[in-house]
Structures are given as structure tokens and as C-alpha cells.
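A.B. asks: Okay, handing you the structure first.
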Amino acid sequence: LSLLLIGVLVACAPTASPVLQDDPTPTPAAEDGDDGTSEEEPSDEETSDEEAGDEEDATDEEPADEEEDGIVFINEEEGGPVSIIGQVAYTNPFFTAGTAQPLVILEDQAGFVDRNENFLMPLASQTLGQITSNFFESPFDYSLALPIEPQGSYRDVDNDEEEEQGVQIFAVAYWTNTFGDPFLEERDLGGGGWSTAYASTRISEDFETDKEIIGGKLLVYAADETQSFPTDFGEDGLLFTEDDVNMVDLPQGYTVVDLDTTPFTFDRSANQVIDLIEPEGAALIDYSDLSYTEAFDSFIETLSTEYAFTEYKEIDWDDLVERYRPLFEEAEENEDAEAYRIALRDMLWEIPDGHVSGPFVVEEFQQNVSGGIGLAIRDVDDGRVIVNFVLEGAPAAEAGIELGAEIIAINETPIGEWIDAAVAYSAPFSTDHVERLQKLRYAIRFPIGEEVEVTFLNPDAEEDEEPETVTLEAIGEGASFSFSSFAAGTDGFELPVEYEVLDSGYVLVRITSFFDNEVLTIQL
């Protein structure tokens, strides 16, 4: 399990909330007066007893929510759900990464009832829904047509000590299908269990109650009218445990149980709207409604308590606050968005973790990196730094610097010190060797037009020959920078995984992406 930190603290107006779904059973609005009464003049005609009786009978026949010992059944007269629609809203920027076959399904909750994290939902129980809008735009819509009789697992949850058939219990859940046929198998399910994210249920993320259902909605199916279901979480606050003593008899068919009310509400509406829930732990933390300093303080509080590698990477959060908070205060006072972005970026660069990223200050990057002298350099085992690329016609080539030449110094600074001081805009880094390779790239990038003094020794120089020093002017060239890129030689159309069996018997595997089409990656 890796912790992914995304340093995105953009102080801007919050985005609009998702459009709410229409109520599946709307109440007719009043048509005349604001209070719902008619503005028609009262009639002088008297109403007969017979007519009055007819009106009373009609009133009695209007549908109403039914109560059983304080338990509310909504729209009982509709006979139970037949379809479900809803939305799946996500803020996690990696939610769609690599996804090839997204699914919304009815998920058998027998694993949760049993607290069996290895439970594999039967294939027959997996009723597949349809994604009805653009999956890659949040929120996306889905619809589910319920089967007449579902094929889930029955569980007796009424705690009456009598062996009964019980009920089938489902959540609506989002999954990705990567392996095998269109249904979810053990590998898709991560070994089994029940959904803890992007489902109709709300799952606890607290240590004491981790993975417990604490809210949301369940879809329950009763094959007959003799089955019962809990009406609350009981004294222990947990669902489907021995202290669940308050029960209600369910009608035959489907019922949606709202776990966010006390007692639970039982909805028999034919057409249901159930939105899936993004858990707090997966959602992108939004600081956009805070000031620069408020966002900084909140961000540091989150990192200092939740970042997993504080001790391992020897991060002193108090020291970072002492050095960087004044920069955020100054940026806020001056309403300087660029200063804010630079301060945030520089602070994040001090966290040696390649999975940390922050604002990319494009203007500064272009100013300092656009120029080159037509060289790329690399370390060799004996400690020297040599030229491994020379651009024909560029300043370095025109000055006589050859492929394989040793670079001694730049601007009178020994090359080792010069590289160590280079600013690598691809920071931060988890490993020293990746940082070194990137600093070798950026050490020979300059603003266009800047004069650069290079001291070098060509590969065919005599043993006692003195190094030569030349002054070059940086030009707008990107060839040398691209040559030393980790992505050099690729065009973006590579397969995510390629392999070659060598004559030695070893297999050489090349992985070009962890975010490509998951199904294709597995098939390869």
C-alpha cells in the first residue's frame, strides 16, 4: 500500500456541485395560490351527502407512507423497486487511470454479513448495470434493471434463533473488470470481501470499526413475507450483529433500506435513485475555499499525521513550517499567486518521494531550461563526467567539443559541484540515482542567450594535455534535452508490457506504463 500525496492547493472558487437527480416519485406542485389552495371563488351550491362520501373515499385511497411500530415504509403501494438509476461522482484524479471495463453491479453482501473478507460473490448474483454517460467525466450516470428473482446468497439476519431462508442483501457498487469474462472473478475482487469504496454503502475508515457499513443504502430481497430485517444498528452501532433485536417484517420482493435514518427507512418505490459514495480516504482533499496560509496549515496538519514515511525519510515538518509559512503569509498579503505556487512547489521538493507532486511553474521552467549548448552528459564508473551526445551545428560542436569528451568544469565550478547544485524541475525523487540522472540533464540547460564557460578534455587528448576552456552562447535547442530523457526513443504508442526471451534463458521485460489499458496489459 503506497500513500499518494497530491500537493494541489489552488486557491480558487469551488467547482459547482453535481446536478441532482429528479425525484422518482415527485409530489405535484400547487397550481394556483402559493399555499396550494385554489383561487376559484367558493360556490353557493351545497354538496350532497353522497358527493361528500365519494370525496372522503377518494381521499382515503390516496397513497401515503405506511408505518409499522414507528418504522416508515415509503410508497408501499408501488410494490417494490424494479429499476435503479444514479450517479457516481469522483474527485480522485487516478480514478479512471488504466480502466478499460468499468462496471456498476448488484454486489452480494453476504461477505459483509459473515464478516468474511474472502467471500466471492457468485457469478449468477452479479446483475450488470449500464453506464449511460461519459465515464471519464465526473459524475457519470448508471442504470440497473432488477431481475425478477435475484440469484444472490440468502442470509438469515433476524436473530430469532429459528432457521429460516432469510433475505438476499445487495449494495450497488462500482468495479473494474480486468480478468476473464464480463463478470468479476477472484482476481478482479482482490481475493473477495465487499466494497469499501464507490458503493451505495458508506464504509467506516476508523481503525476500531474499519470496513464496517455505517450508512448509505442496501437493496434487500425477500422471497416471501415471513422474513425480517433490522431497523437500526443496535447498541454496538454495528449492522448484522447479535444485539440487533429491533426487527421489521419485509414485504415480498425488493426493498431499499436507508441506513442513514433512525430507525432505518424502507423504500418500496418502483424507480429508485441511488448515488454511489466516494469515501473520504479516496477523495481529493479540497482546500480551494481557504486562504493561502489556512490551506498551508491544513495541508501540513494532514501530511504530518497521515504521511507514512515521515520517520523513514527523516522529514521535519516543524522545520518546514518555520521556513515556508512566512512565504505563504507574504504571498497572501501581496495577493501573489505565482509566489504562492513557487513556495508550495519548493516545499514539496524537499519531500524525497517521487509520488509527491505540486504546481509546475511553467514560466520559470521555460525561462531557465529552453536554452542549451548542444550537449548531453553522463557519469562513468571512474568518476568522470563525459559527453554522450553532441548536436551537429550547435555551439558545443562548433567549439570542438567531441563525443566522449570529459567535462571538467562549467563557469569555473568543478563539474561535480555544478551538477549537485542543478535544479531539476522533475523533482522530487525517491532515489538518489534517479535524482542524479535528472540533475545531469538540467545541469547543462540555460536561459537562451546566456554565456556559458565550459572546460573540457577531448577523448583523443594526450596524457599531459591541458583541458581547454571555451565560452558558448546558449541557443533555443531541445534535442540534447530530449536525448537524455527517460522517455527517449518512445513515441507514445508502445505496448504497456513487452518481453523478449534471451539466448541465456533469461526474459527481458520492458514495462512502459502502469496506467495503460488494464485488460491489454494483462493479456500481454
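A.B. asks: Among (1) 33.0, 126; (2) 30.5, 103; (3) 22.4, 72, find the value of Rg and Dmax of the Cα atoms in Å that was calculated from the structure presented, and write down its label.
C.D. replies: (1)
A.B. asks: Using Cβ contacts closer than 10 Å as the measure, can you line up Thr265, Thr431 from fewest to most? Mind dumping the intermediate values first?
C.D. replies: Working: Thr265 18, Thr431 10.
The fewest-first ordering by Cβ neighbours comes to Thr431, Thr265.
A.B. asks: I've got another one for you. Provide the packing ranking of 80-87, 309-316, i.e. peptides ordered by the mean count of other C-beta atoms within 10 Å per residue, highest first.
C.D. replies: With the highest mean Cβ count within 10 Å placed first, the list reads 80-87, 309-316.
A.B. asks: Could you tell me how far the Cα centroid of segment 446-524 sits from the Cα centroid of segment 78-105, in Å?
C.D. replies: Computed from Cα coordinates, the inter-centre distance equals 42 Å.
A.B. asks: Sticking with this one: Towards the positive end of the charge dipole of the chain, with charges on Cβ (+1 Lys, Arg; -1 Asp, Glu), say which of Asn177, Phe264, Thr226 has the farthest Cα.
C.D. replies: In the chain, that residue is Asn177.
A.B. asks: For Ile475, what charge total do you get from the other residues with a beta carbon under 12 Å from its beta carbon, if Lys and Arg give +1 and Asp and Glu give -1?
C.D. replies: The answer is -4.
A.B. asks: Using the basic label-point model (7 angstrom from Cα toward the beta carbon), what is the Ser83 to Glu301 distance in nanometres?
C.D. replies: Placing both labels 7 Å along Cα→Cβ, they lie 4.6 nm apart.
A.B. asks: Give me Leu508, Leu218, Leu375, Leu284 ranked fewest to most by other Cβ atoms within 10 Å of their Cβ, as a rough exposure proxy.
C.D. replies: Details: Leu508 10, Leu218 24, Leu375 27, Leu284 13.
Taking fewest neighbouring Cβ atoms as first place, the list is Leu508, Leu284, Leu218, Leu375.
A.B. asks: Can I ask one more? When only Cα pairs under 8 Å and 6 or more residues apart are kept, what is the percent relative contact order across segment 184-243?
C.D. replies: The normalised contact order for segment 184-243 reaches 21 percent.
A.B. asks: While we're looking at this one, here's another question. Cut-off under 25 Å on the C-alpha distance; same-chain residues fewer than 8 positions from Lys313 excluded. Which lysines are left, in chain and number order?
C.D. replies: The qualifying lysines are Lys439.
A.B. asks: Just want the ordering: Met121, Met347, from fewest to most Cβ atoms lying within 10 Å of their own Cβ.
C.D. replies: Met347, Met121
A.B. asks: Using only Cα atoms, locate the centre of segment 110-182 and the centre of segment 349-410, then give the distance between them in Å, rounded to an integer.
C.D. replies: Centre-to-centre (Cα) distance: 55 Å.
A.B. asks: Shifting gears a bit: Which percentage, to the nearest 5, of the DSSP beta bridges contained in the chain is antiparallel?
C.D. replies: Details: 68 of 76 bridges.
Percent antiparallel among DSSP bridges in the chain is about 90.
A.B. asks: Let me ask another. For Ala479 and Ser138, FRET efficiency with R0 = 41 Å and r from the beta-carbon atoms, rounded to 0.05?
C.D. replies: Computed FRET efficiency for Ser138 and Ala479: 0.55.
A.B. asks: Expressed as a rounded percentage, what relative contact order does the chain have, with Cα pairs under 8 Å and six or more residues apart? Write down the numbers at each step before the final one.
C.D. replies: On the way: 950 pairs, mean separation 71.7, N = 524.
Answer for the chain is 14 percent.
A.B. asks: Let me ask something additional. For the chain, what is the calculated [θ] at 222 nm in deg cm²/dmol (nearest 500), taking -39500 (n - 2.57) for each run of four or more DSSP H residues and dividing by its residue count?
C.D. replies: Helix contribution divided over all residues of the chain: -5500 deg cm²/dmol.
Just so you know, all these numbers are worked out from the coordinates, no wet-lab data involved. Because the structure is a prediction, the values reported are computed rather than measured. With ideal geometry, Cβ positions are generated from the backbone for all residues, glycine too; neighbour counts draw on all protein chains shown.
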